[in-house]
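Below is one structure, written out as structure tokens; comments come after it.
Please treat every number below as a calculation from the coordinates, not as lab data. Since this is a predicted model, take the numbers as computed values, not measurements. Virtual Cβ from ideal backbone geometry, glycine too; neighbours counted across all protein chains shown.
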């Protein structure tokens, strides 16, 4: 059995680069995940300095059903990245005027990448100012963010509205990423998006 | 434009679980990357305690041509994971009897997963003893490990032999991973391998 025989069963899609722009940067300096737009974010290896989601580790929650709630684990969810067109699509599906990045705790709004939420794990974001972020994966929309959307958009039944966000936000709610190389990210900055080689693993 | 319309262009392969076994655990306690088999590894958030590749950050090298060499970056390469069948395939292609995990600095030999090196980024390894590792991606075979293979397998021309490993080790040299949840990993332990949802992103 040769090496080639083992590996060649899989079709490889080559790595690829796209260009993006930082349309907004936001941070959660308060007691919850809601963010406010700022001019720039200072990033360390632990994420956004002083942010609600900062830290080298975090406590597990509903996204990690395999752990007892509150288990200490590596914090791969340092930043939340969204795209305006995807938020508009969620809003349309929910029957509301808009979903603002602030309401769902987004830290970066990236423009210029079609179907941002579908960028694969391992995608690297090279910011012109020197920061690198690495995409951990899709951000599953939760009911907590749903409540914030329902409340902020003036829905009468907040409980019912909260459920619409997880339903319609699936695969549109953006990405989570961690800091590979620290520095400052500013609004208006250019980003080189490096999509790694892709393939489908079939056991 | 509805949310569904944006997301539905992509075919999703569902998440899937496999079972694996820890065939060997190894650590590099010396001055270089060469490893020695041990009974168990103690893992913290920074990787293997006292290991050559431990640390929350590392210095960039030839694998990161986009950085000046020596740039401090997040250490996503805490552990090297290999499979015996893939190492045998590399050896056959190189015309040598075998490639030992020690020679190339492997930390874990996993059995039971076909084409281990092709497991996608984001694959989670849940060890029965409580540790979780998250796969960063394929480990690109380098000339340094190639020199070690050439020297250990008794090749006469070590320089020429060193080049054969990167050539024939591509997509067979295993994975690198980081610690999501610390603890102890022991030889013989069972591992639940969780392959995440997969798709191909096309811009």
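Worth a mention:
- Cα-based Rg and Dmax for chain B, where Dmax is the largest Cα-Cα distance (Å): 17.8, 65
- Computed over the Cα atoms of the protein assembly as shown, the ratio of the radius of gyration to the Kirkwood radius (Rg/Rh) comes to 0.99.
- Cα pair distances of the stretch A:116-156 binned at 5 Å [whole percent]: 5, 19, 16, 13, 15, 13, 13, 5, 1
- Ascending count of other beta-carbon atoms within 10 Å, so fewest first, for B:148, A:117: B:148, A:117
- Considering only chain A, the C-beta nearest to the rotation axis that sends A to B is found at A:121, 2, the distance in whole Å.
- Teacher prompt: residue B:69 distances to equivalent labels in other copies, 7 Å Cα→Cβ, nm: 5.2
- Cβ-based exposure ranking for B:153, B:56, in which fewest neighbours within 10 Å come first: B:56, B:153
- Rounded to 10°, Cα long-axis angle of helix A:84-94 versus longest principal axis of chain A: 60 degrees
- Distance from the alpha carbon centroid of the stretch B:153-180 to that of the stretch A:55-114 works out to 39 angstrom.
- Mean separation of Cα contacts under 8 Å (6+ apart) over length of chain A, as relative contact order %: 32 percent
- Estimated 222 nm signal from helices in chain B, with DSSP H stretches of n ≥ 4 weighted -39500 (n - 2.57), rounded to 500: -5500 deg cm²/dmol
- Most mobile listed residue (A:184, A:143, A:74) in chain A, GNM with C-alpha springs under 10 Å: A:74
- When chain A is treated as a GNM with alpha-carbon contacts under 10 Å, the residue of A:21, A:71, A:35 showing the greatest mean-square fluctuation is A:71.
- Cβ-vector label at 7 Å, residue B:140, separations to other copies in nm: 3.3
- Shortest-first nm distances, residue B:199 label point to equivalent points in other copies (7 Å, Cα→Cβ): 2.2
- Legend: ranking of residues A:18, A:49, B:87, A:108 from fewest to most surrounding C-beta atoms inside 10 Å; resulting order A:49, A:18, B:87, A:108.
- Highest GNM mean-square fluctuation among B:68, B:120, B:101, for chain B modelled with Cα contacts below 10 Å: B:68.
- Nearest 10 degrees, 0 to 90: helix A:143-152 Cα axis against chain A principal axis: 40 degrees
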